[in-house]
Number of protein chains: 4
Amino acid sequence: MSINSFGRMFRVTTWGESHGPALGATVDGCPPGVPVDEGMIQHWLDRRKPGQNKYTTQRREADAVKILSGVFEGQTTGTPVQLMIENTDQRSKDYSEIAEKFRPGHADITYWQKYGIRDYRGGGRSSARETAARVAAGGLAREAIKALVPDLQITGYMVRMGEHEIDRSLFDWGEIERNPFWVPDRQAAEDWADYLDRLRKSGSSVGAVIEVVARGVPAGLGAPVYGKLDTDLAAAMMSINAVKGVEIGEGMAAAKLTGEANADEIFMGNDGQPVFSSNHAGGILGGISTGQDIIVRFAVKPTSSILTPRKTITKSGEETEIITKGRHDPCVGIRAVPVAEAMAAAVILDHLLLDRAQTGGLRGPIG
Amino acid sequence: MSINSFGRMFRVTTWGESHGPALGATVDGCPPGVPVDEGMIQHWLDRRKPGQNKYTTQRREADAVKILSGVFEGQTTGTPVQLMIENTDQRSKDYSEIAEKFRPGHADITYWQKYGIRDYRGGGRSSARETAARVAAGGLAREAIKALVPDLQITGYMVRMGEHEIDRSLFDWGEIERNPFWVPDRQAAEDWADYLDRLRKSGSSVGAVIEVVARGVPAGLGAPVYGKLDTDLAAAMMSINAVKGVEIGEGMAAAKLTGEANADEIFMGNDGQPVFSSNHAGGILGGISTGQDIIVRFAVKPTSSILTPRKTITKSGEETEIITKGRHDPCVGIRAVPVAEAMAAAVILDHLLLDRAQTGGLRGPIG
Amino acid sequence: MSINSFGRMFRVTTWGESHGPALGATVDGCPPGVPVDEGMIQHWLDRRKPGQNKYTTQRREADAVKILSGVFEGQTTGTPVQLMIENTDQRSKDYSEIAEKFRPGHADITYWQKYGIRDYRGGGRSSARETAARVAAGGLAREAIKALVPDLQITGYMVRMGEHEIDRSLFDWGEIERNPFWVPDRQAAEDWADYLDRLRKSGSSVGAVIEVVARGVPAGLGAPVYGKLDTDLAAAMMSINAVKGVEIGEGMAAAKLTGEANADEIFMGNDGQPVFSSNHAGGILGGISTGQDIIVRFAVKPTSSILTPRKTITKSGEETEIITKGRHDPCVGIRAVPVAEAMAAAVILDHLLLDRAQTGGLRGPIG
Amino acid sequence: MSINSFGRMFRVTTWGESHGPALGATVDGCPPGVPVDEGMIQHWLDRRKPGQNKYTTQRREADAVKILSGVFEGQTTGTPVQLMIENTDQRSKDYSEIAEKFRPGHADITYWQKYGIRDYRGGGRSSARETAARVAAGGLAREAIKALVPDLQITGYMVRMGEHEIDRSLFDWGEIERNPFWVPDRQAAEDWADYLDRLRKSGSSVGAVIEVVARGVPAGLGAPVYGKLDTDLAAAMMSINAVKGVEIGEGMAAAKLTGEANADEIFMGNDGQPVFSSNHAGGILGGISTGQDIIVRFAVKPTSSILTPRKTITKSGEETEIITKGRHDPCVGIRAVPVAEAMAAAVILDHLLLDRAQTGGLRGPIG
């Protein structure tokens, strides 16, 4: 079943609600002997932490992670790693409205329809706060990857905010960490700041597109025909709150291409490994990595928590209106960047382990 | 693990290669007492069958399904259902070129890199022929759905072929079955026929976008936060050969919307069920169905098997060129329509069963 | 994978080491709307708690359970339930000997051989302390069962301690809760007290046989041919520390019977349900419950932590001797009783959910 | 879910009924490059084949296995292997009695209670015929093990038939293949022949105990605390038809031992590997292999298909009697020997793959 778990070998189960005492990730199947401590995990959590600038929710959470198990004397032991984050800013507030009314575009109504009970405080389990647990687990995955494939790098960034897209000709890896939007285009970073500020002040919100690139992934990860690397990446990204679309490589635009245009031609590299003329495939063919960059992209819808009144109904079935006050993100896509990196790390580690299970690292030699 | 399986309760494992003696689907967890016979499954296979018109591969396969187990006196027994399709048109041909060279844009090279061995005949396991097994399993899923939710309907159709899109103002459900492209727009069907004919004659290929709509899906299917209905649909579609992008509802375009535009406002319907002003969500909020139409869309890349020579390498690492002769589809998206319907049926049945496992069909009453 | 998880729908993952900050159980898939609070779970933990009498380890742990998620306003919400128990009695002691030497009959050496690292403090992950998490999860399972099948009762008791067996003619359900051994035979309880006291004083230990009976289990739980109810019960019991054998109904003694003796003859009961002349089957035929009492029995080996010196080796490969001082149970079988009840509860709940997933509670009518 | 599957990495799903057109095993996750052909699998099936002597059912099945997928040019490709066995001796006979009455001690009644439908012909899915598929999958597992750990040997034999036990002082590995009972004691083989002949003629049946030993299993296989090697072996054996008890090493008798007696003392061997003074543990400590022989034992109940009339009821709820005529085994334990070997092979291969997934074959060096 495992409705709150993902991964096969590196298996992550997240738990916890937005306003409960704590939330976390139970990680099973991590390789032993991986050097890790709370600081290394905290590093990644700090990137996702809310309240760091005016573009994200002003909820202030320390988001301090505790490792409760599975690590001994600075190394993983191969037993489950429990990563817990206590909720410290459960501000006492009046939840009576949100308890009674369903926010349009939000999971309020479906949780109620399915379970007949919901923890409405701060969105409960459907809050984006759950993604903190993903980032913690992803931090552990990164350390394990480092031990297995030291040069593998996973980087996420924003390529679209609302109507605005980056200019790919200005793409600069170094720029990503320098602006609050994780945008690889300096000009876009400046323009978007104004744009988002206006949206924030008007109580509105907007969607975004995030791209994650994994460089240095060995060829041969993934498995036909349902344990494909792209299938698992798509599922991982689609499971993130507010995501409505996922693309690999050329993505939806692949529909417009002819076979000639889409074929990534193959040559021999100097190191005896194949090189490709292009990467429409996004680094994956037949569900298996080619050794090229893995490219995954996804769209995040705008937050449904906005100040403009929207029509809705109450639990009692009466028609009414709702305005969502409180601390919210005008563009949840911003904080989705570290979350997506974490999911990519977990999926790639999982496939590294699966691959050595089935093949033992055997590789078909070319040449 | 289950690298060749999907589903949790309704669990499908496909097996078989394009040019082996047979292929099929092993289906575990089907409810007992579902009326089914080979004819009912065959009905769906016939829709996918190649060679039915000039727009699909001229390989002629009877694609006759045999039920080898799990059905007794016209009903499922609750034990595994084995659906086998024998390969009858394994035309003896010269595979020496394809055995030595990797087709650009094809899984040839990654299977080799991963396993060090590959059944190159007709693409082996990576052939679109594997999707026949999916269609068979989906046919069984449809019969089980019919027994549980008689009014649930799953319909796929093409909305884009290459640069051409349908005109949504001309959308006609009735048109879908009347043209070889499953297009719900009569004018498009005519225009695309010419377009594809030209492509076919030139030995080229083109991509497509398919949309699948499930109507009559009860509210409450799906489960947070990794067993989400949209997550499972995305994985199911992404696992189909040549798919590079998946969208739910508004999809990638959700990134361009503001919160006001995206919110599907809620009202009370006459039957005591909520109704919505729009369906940007694609029928899913927080991973759980709302009762609205479920809308999933995906892009299929153009076949990499084309007549234009492409640069590639051999198993021995020598640079060379390749032309893929043989029987291929100029637009594999056409045959992806029945495949996607089958995947949607399997996912929805799976969630119907999962939901009654956890909740017993309990529903939170509104009003 | 799920090497630290069990169950399919009601899925339990335990985590934590004996001397880490905490341990617990992450429970996924629990039905919503189950009334539960910490006191209800604590009730079961208190039965397993060490230090309650002179026959169990003198380690004093409050074993206070905290519910960190998945419960809201006194009911389960259908999201993961995190049950955490903090370790409070991590007595600072000298672990240098146990860190260097492997205890014969203990997992010390195999953890080292497998992982190359082990948390030796108090046995780490292999400590019987892990079973506290099982009992907590089992407590939750009991509440969920109560909501589904109110009359279902699960009771464990000891039937053998070392060379001593109970007299089945004196079997008294009421006696079980009245003695420290959970023995349903008052005379045995008295005799065993002296016996175990002598063993304890001599620093020795002894094995035991536990029997768990589930009464009121509906017919039809379990599924052929690998998801059998007896298969899952056997796995659940065998996974408990120190268990070396598991039996269903007649158990190993079934080998001695003839077909005539073993056949439980069938009659019609007054309530329209079948009744059986005997229960050699232990309530399970073909992996599916018959409606009779489910009977499972297992043997626990004697603790390997004893005061008599035993030959062993060090991490450095030197031959040496070891005496295990410290707080240990002369008969770990005693505390295995509540653990086994918990495992039985989890397995039975899991199958209740699985059964309604596949069959919807459909039952073949007899008569 | 996977109610008809077992294994995590080497994942086997069996399908098929006793009197349907065919049955088989769908094997997913097999390593690529394993040399295998139908003859190698057939070798193991022939050992289980009925009708080879007067002590097993006289049903005559060729039990010829066909490899339908996953093998190319004599090697596994890493894709699913479909192993199919056609049912050739579906003798047309009168099933009217068995269709109406439930055999005591048989799964007839529970399948009916659960599913409301059952394929009664020859026992349908609950027939021991299903075990042919297990033997086929086990044959493939053996070939994969051979490629990974060439010296690993798995041998099953009978140690008890009814009241008769072997004399362990006469244990002779060479004798096992020389008698129809797979007994490692020549004298027992002779005595049991007479005994079973009498039982057969009287239309009765008797139970048995089987032991399986795996020699040459590397230390470090298995994983705490629910993916234990002994847990998986126990589940595998308990899932075999008619099994009522499973033991590892000392088994149920471990309950009678003191800690001193049970401790397998540890010494250093000449090859730098630990050696043990005894093997009460059955080669497994804490769920992980020690490098000693793995010893698993299980009891098979007597066939419920006997000639003596037994009381039972009909589908209509009327009380009646039943005699089971037809072709049956007086001691099903005989044919359980190759089945148990197959299950052991599948479990051990699965753990070899799991271990290299998580640890990469890393081993904690002693000394």
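The values are calculated or read from the model by the stated rules, or taken from the named source; none is laboratory data. Bear in mind that the values here come from a model prediction, so they are computed numbers and not experimental data. Reconstructed Cβ throughout: ideal geometry from the backbone, glycine too, with neighbour counts over all protein chains shown. Ligands, DNA and RNA are excluded from the accessible area calculation, which covers all protein heavy atoms including side chains. Shrake-Rupley method; radii C 1.70, N 1.55, O 1.52, S 1.80 Å.
Summary table below
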quantity: Unmet requirement for residue C:71, which otherwise passes all of (1) buried (at least 24 other Cβ atoms within 10 Å of the Cβ); (2) of a type in the set (A, V, I, L, M, F, W, C); (3) more than 19 Å from residue C:138 (Cα to Cα); calculated: (3)
quantity: Residue in the range D:50-59 that is of a type outside the set (A, V, I, L, M), under 21 Å from the mean Cα position of the chain (by Cα) and not in a loop (DSSP other than H, G, I, E, B) present; calculated: no
quantity: Among the candidates A:348, A:323, A:295, residue that is open to solvent by 20 Å² or more (accessible area, probe 1.4 Å), more than 7 Å from chain B (Cβ to nearest Cβ), of a type in the set (A, V, I, L, M, F, W, C) and under 24 Å from residue B:244 (Cα atoms); calculated: A:295
quantity: Filter result for the condition that a residue is open to solvent by 40 Å² or more (accessible area, probe 1.4 Å) and over 30 Å from residue D:123 (Cα atoms), over D:281, D:261; calculated: D:261
quantity: Residue check for residue B:179: polar (S, T, N, Q) and without any contact (Cβ under 8 Å) to a residue 40 or more places away in the chain; calculated: yes
quantity: Members of the range A:156-170 found to be open to solvent by 60 Å² or more (accessible area, probe 1.4 Å) and not in a helix (DSSP H, G or I), listed by number; calculated: A:163, A:164, A:165, A:167
quantity: Residue check for residue D:85: touching a strand residue (DSSP E or B) at 6+ places or on another chain (Cβ under 6 Å), farther than 24 Å from residue B:26 by Cβ, modelled with pLDDT of 95 or more and of a type outside the set (Ser, Thr, Tyr); calculated: no
quantity: Hits in the range A:317-336 - residues which are farther than 22 Å from residue A:159 by Cα and in contact (Cβ under 8 Å) with a residue 40 or more places away in the chain; calculated: A:320, A:322, A:324, A:326, A:327
quantity: Checklist (1) within 26 Å of residue A:49 (Cβ to Cβ); (2) at pLDDT 95 or above applied to residue A:329, failing item; calculated: (2)
quantity: Neighbours by Cβ (under 9 Å, 6+ apart or cross-chain): first from the range A:1-22, without any contact (Cβ under 8 Å) to a residue 12 or more places away in the chain and within 27 Å of residue A:231 (Cβ to Cβ); second basic (Lys, Arg) and open to solvent by less than 10 Å² (accessible area, probe 1.4 Å); calculated: A:4/A:125
quantity: Residue, farthest from the other protein chains (Cβ to nearest Cβ), within the range A:233-280, restricted to residues that are of a type in the set (D, E, K, R) and out of contact with any His (no Cβ under 7 Å at 6 or more places or on another chain); calculated: A:271
quantity: Answer residue from the range A:326-335, given it is in a loop (DSSP other than H, G, I, E, B) and more than 9 Å from every other protein chain (Cβ to nearest Cβ) and is nearest to the chain's Cα centre (by Cα) among those; calculated: A:332
quantity: Search result, residues across the range D:110-128 that are touching a residue at least 40 places away in the same chain (Cβ under 8 Å) and touching a Ser or Thr at 6+ places or on another chain (Cβ under 7 Å); calculated: D:119, D:121, D:122, D:123, D:124, D:125, D:127
quantity: Residue list for the range A:204-232, restricted to those being more than 7 Å from every other protein chain (Cβ to nearest Cβ) and in a helix (DSSP H, G or I); calculated: A:229, A:232
quantity: Test: residue in the range D:224-233 that is modelled with pLDDT under 95 and on the phi < 0 side of the Ramachandran plot; calculated: yes
quantity: Boolean, residue C:88 is polar (S, T, N, Q) and under 14 Å from residue C:144 (Cα atoms); calculated: no
quantity: The lone exception for residue C:188 - which of (1) within 8 Å of chain D (Cβ to nearest Cβ); (2) hydrophobic (A, V, I, L, M, F, W, C); (3) out of contact with any Ser or Thr (no Cβ under 6 Å at 6 or more places or on another chain) it fails; calculated: (1)
quantity: Verdict on residue C:71 being under 24 Å from the mean Cα position of the chain (by Cα), more than 30 Å from residue D:220 (Cα to Cα) and of a type outside the set (Gly, Ala, Ser); calculated: no
quantity: Count of the range C:103-120 residues which are under 16 Å from residue C:322 (Cβ atoms), assigned to a loop (DSSP other than H, G, I, E, B) and among the hydrophobic types (A, V, I, L, M, F, W, C); calculated: 1
quantity: Counted residues, the range D:11-42 - those being outside any strand (DSSP E or B) and within 13 Å of chain C (Cβ to nearest Cβ); calculated: 3
quantity: Condition check for residue C:131: on the phi < 0 side of the Ramachandran plot, open to solvent by less than 30 Å² (accessible area, probe 1.4 Å), in a helix (DSSP H, G or I) and free of Cβ contacts under 8 Å to residues at least 12 places away in the same chain; calculated: no
quantity: Near pairs, Cβ below 6 angstrom, 6+ apart or cross-chain, from the range A:299-316 (more than 7 Å from chain B (Cβ to nearest Cβ)) to any residue that is in a loop (DSSP other than H, G, I, E, B) and not aliphatic (A, V, I, L, M); calculated: A:305/A:324; A:305/A:328; A:307/A:203
quantity: Qualifying positions in the range D:286-311 - within 17 Å of residue D:235 (Cα to Cα) and not in a loop (DSSP other than H, G, I, E, B); calculated: D:288, D:289, D:294, D:295, D:296, D:297, D:298, D:299, D:300
quantity: Unmet criterion (only one of (1) of a type in the set (S, T, N, Q); (2) in contact with a strand residue (DSSP E or B) (Cβ under 6 Å, 6 or more places away or on another chain); (3) buried (at least 22 other Cβ atoms within 10 Å of the Cβ)) for residue C:305; calculated: (2)
quantity: Odd one out for residue B:339 among (1) in contact (Cβ under 8 Å) with a residue 24 or more places away in the chain; (2) at the interface with another protein chain (Cβ under 10 Å from one of its Cβ atoms); (3) of a type outside the set (Asp, Glu); calculated: (2)
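Residue-wise test of (1) within 23 Å of residue C:317 (Cβ to Cβ); (2) part of a loop (DSSP other than H, G, I, E, B); (3) not β-branched (Val, Ile, Thr).
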site	(1), (2), (3)
D:317	no, yes, yes
D:321	no, no, yes
D:345	no, no, yes
D:351	no, no, yes
D:363	yes, yes, yes
D:366	yes, yes, no
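One line per residue, one yes/no per condition, for (1) within 30 Å of residue A:355 (Cα to Cα); (2) part of a helix (DSSP H, G or I); (3) without any contact (Cβ under 8 Å) to a residue 40 or more places away in the chain:
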residue	(1), (2), (3)
D:79	yes, no, yes
D:82	yes, no, no
D:85	no, no, no
D:94	no, no, yes
D:141	yes, yes, no
